[in-house]
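What follows draws every value from the coordinates through simple rules; no lab data is involved. Remember, predicted model here, so these are calculated numbers, not experimental data. Note that we place each Cβ from the backbone using ideal geometry, even for glycine, and neighbour counts take in every protein chain shown.
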Ligand SMILES: [Zn+2]
Ligand SMILES: [Zn+2]
């Protein structure tokens, strides 16, 4: 099923004509709970990986003293999916309860220093994702992360891999996996994608100062929240990033090591449609879905929770060889 963002409830360019020249395409990925295969674009699905290419690992020290077993987290997720497929008043079975108990955090005595195979976060085939900014010849983007997010310096370990799908002649049949992860919140529940391209405008603090001042005045006058209309929530490719700063300060995207201003590549968003706010990002196909009566929730299908933070991967427009820049932004929307 496709997913369709409804017409904007408010046309920002009618209020601020200057925005027309600042529009950017963004591809909302619209992840939904599913069972993706290697040939599919996915969040939390298996990756198309050559058998002779080393699987990326994180070798940094992890200052955590509690971990959860990955297999138990996965089993608990599937048990919850099964539980919610039955009538609401039917209690969990003892087997389901035992599965949940196994996924509780376990204490460890010293920082976790074993090398950690990275977890697949997303795999995007260019054929599925309009506007995917692939390097020449590449048609597949793969993103993996270390499931211990809190490294020194607060920067997650992220691996971004572009490849040509037809160059993978002999596939890795079984990917290495970490036995334990920091939190169940860092394991992406498997989702299939329904990409859709829509228009975004700069976040408030990326507007030229004169426009930004008018937007502030408009917000105070009308009670509207500009960013809710301008920036698409959820998991997405491209568009405008949300840049952290005091609301009144102008903020640029991060710079690459080469000095160039980077551009948003991939965003691990919060909820897919910000609850009931006025931005109107909930797809028309999901208008009747009731998040309180299904698991995983339709608007939060990946179950990734980085504590009210978006994780953004920025790319250098000068060269695909330059390393991506990783940013975490606290967002209250
Ligand atoms: Zn790590
Ligand atoms: Zn660069």
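Under 10 Å, Cα contacts only: if you run a Gaussian network model on the chain, which one of 220, 200, 39 comes out with the highest mean-square fluctuation? Comparing 220, 200, 39 in a Gaussian network model of the chain, the most mobile one is 220. For the chain, the longest principal axis of the Cα atoms and the long axis of helix 209-222 meet at an angle of about 80 degrees. Computed over the chain, the per-residue total of -39500 (n - 2.57) for DSSP H runs of n ≥ 4 gives a 222 nm mean residue ellipticity of -4000 deg cm²/dmol, rounded to 500. With the Cα gyration tensor of the range 36-188 giving a ≥ b ≥ c as the square roots of its eigenvalues, does the rule (a/c under 1.5 for rounded; else a/b larger than b/c for prolate; else oblate) give rounded, prolate or oblate? Judged from the Cα gyration tensor, the range 36-188 comes out oblate (a/c at least 1.5, b/c at or above a/b). Computed across the chain, the Kirkwood hydrodynamic radius from all distinct Cα-Cα pairs reaches 21.2 Å. May I ask you to derive the FRET efficiency for residue 330 and residue 219 from their Cβ-Cβ distance with R0 = 22 Å, giving the value to the nearest 0.05? So the FRET efficiency works out to roughly 0.65.
Angle between the Cα long axis of helix 70-84 and the longest principal axis of the chain, 0 to 90 degrees, nearest 10? With rounding to tens, the tilt is 70 degrees. Name the residue, out of 280, 241, 269, whose mean-square fluctuation peaks in a Gaussian network model built on the chain with Cα pairs under 10 Å. Ranking 280, 241, 269 by mean-square fluctuation puts 280 first. Name the shape class, rounded, prolate or oblate, that the alpha-carbon gyration tensor gives for the range 136-213, where a ≥ b ≥ c are the square roots of its eigenvalues, rounded holds for a/c under 1.5, and otherwise prolate holds if a/b is larger than b/c and oblate otherwise. Oblate is the answer for the range 136-213, as a/c is 1.5 or above yet b/c matches or exceeds a/b.
The length gained on full extension between residue 101 and residue 165, counted as 0.36 nm times the residue separation minus their Cα-Cα distance, comes to 19.1 nm. Spatial offset of the range 92-157 relative to the range 69-84 amounts to 16 Å, using the alpha carbon center of each. When the chain is treated as a Gaussian network with alpha carbon springs shorter than 10 Å, the biggest mean-square fluctuation among 290, 166, 300 belongs to 166. The modelled label-to-label distance for the pair residue 92/residue 151, using points 7 Å beyond Cα in the direction of Cβ, is 3.4 nm.
Take the Cβ-Cβ distance between residue 174 and residue 13 as r, set R0 to 51 Å, and report the resulting FRET efficiency rounded to the nearest 0.05. E between residue 174 and residue 13, to the nearest 0.05, is 0.50. If R0 is 45 Å, the Cβ-Cβ spacing of residue 23 and residue 66 corresponds to a FRET efficiency of close to 0.50. Looking at the square roots a ≥ b ≥ c of the eigenvalues of the Cα gyration tensor of the range 200-268, which shape do they give, rounded for a/c under 1.5, prolate if a/b is larger than b/c, or oblate? It comes out oblate by the Cα gyration axes.
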